[in-house]
Amino acid sequence: MNPITALLVDDEPRGLSSLQKLLQLNCPEVEILACCQDVDAALERIKRLQPQLVFLDVAMPGKNGFDLLRSLDRISFEIIFVTAHNSYMMQAFRFSAVDYLLKPVEDELLAEAVQRASKRITDKSEGMQLNAFLHNLQQNGAVKKMKLCVPSLRGVKVIEIPDIIYCEASSNYTNFYLANGSTLCSSKPIFEYETLLEDSSFVRVHKSFLVNLEHIKEYIRGEGGSVLMSNGHEVEVSRRKKEVFIKRMREYYKY
């Protein structure tokens, strides 16, 4: 496997050291070119070293991670945000981030994020699939059109957004479960659909599941709990996502 050249940006030396160790243990394909503790140093090294991947903290003294990205004429690398704050997630994905990892970083989630970054790096020309994705993003998102273009191995399928019961991650792919009982496999990862559907009735309840609030029949309490969907499937709610999910449910159904 060809190495992925990477730059690490975090104002905390402990954070840099911890991430370096995790990458060495779980992602041997990542070649760390440099570690930076502030935006100015990171900008200089990005321009000089041309990394393929940047692991970027958000909240740093002075200029933050988003200031760094705005300072660039063109973002030619993939981005994985690594931060202790979950409040910047939507803003991060507007920069087309590969993933948004919360500290302390879990080994499995880091490895999955690097896999997605690797796929993007080695497959920059996606032809029809990329055009379908761009179509979804135009005019402030296709959610308002209530239709979604889903790229698959066969081509592109147009589906009605209200017909989506839930989405399930399958490695770098996404399985759609639809109201007519059919399933559809997309060649895009689930986080891209989470971003596209952020202004609609969808909420991420687990690293593997994105559910449509319109199709929830019951919430079953537990450590994280689970939701019973309109097709009879029970979907797990992770402990980390439970609070956000309950809040969205209350806002959506006003109870």
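The values are calculated or read from the model by the stated rules, or taken from the named source; none is laboratory data. Small disclaimer: the values here were computed from a predicted structure and weren't measured. FYI the Cβ positions are ideal-geometry reconstructions off the backbone, even for glycines, and counts take in every protein chain you see. Quick note on the areas: whole protein, heavy atoms, side chains included, nothing else; ligands and nucleic acids left out. Shrake-Rupley method; radii C 1.70, N 1.55, O 1.52, S 1.80 Å.
Of all residue pairs spaced 6 or more apart or on separate chains, none has beta-carbon atoms under 6 Å together with a first member in region 211-232 that is over 20 Å from E194 (Cβ atoms) and a second member that is open to solvent by less than 50 Å² (accessible area, probe 1.4 Å) and among the basic types (K, R). Of all residues in region 106-116, one or more are open to solvent by 20 Å² or more (accessible area, probe 1.4 Å), assigned to a loop (DSSP other than H, G, I, E, B), under 30 Å from V39 (Cα atoms) and modelled with pLDDT of 90 or more. Based on what the data block shows, is S238 in contact with a strand residue (DSSP E or B) (Cβ under 7 Å, 6 or more places away or on another chain), exposed (fewer than 15 other Cβ atoms within 10 Å of the Cβ) and touching a residue at least 24 places away in the same chain (Cβ under 8 Å)? No; evaluated as a whole, the condition is false for this residue. Residues of region 149-163 that are more than 19 Å from the chain's Cα centre (by Cα) and either buried (at least 20 other Cβ atoms within 10 Å of the Cβ) or not in a loop (DSSP other than H, G, I, E, B) (or both): V156, K157, V158, I159, E160, I161, P162, D163. I75 meets each of the listed conditions (1) without any contact (Cβ under 8 Å) to a residue 24 or more places away in the chain; (2) part of a loop (DSSP other than H, G, I, E, B); (3) out of contact with any helix residue (DSSP H, G or I) (no Cβ under 8 Å at 6 or more places or on another chain) apart from (3).
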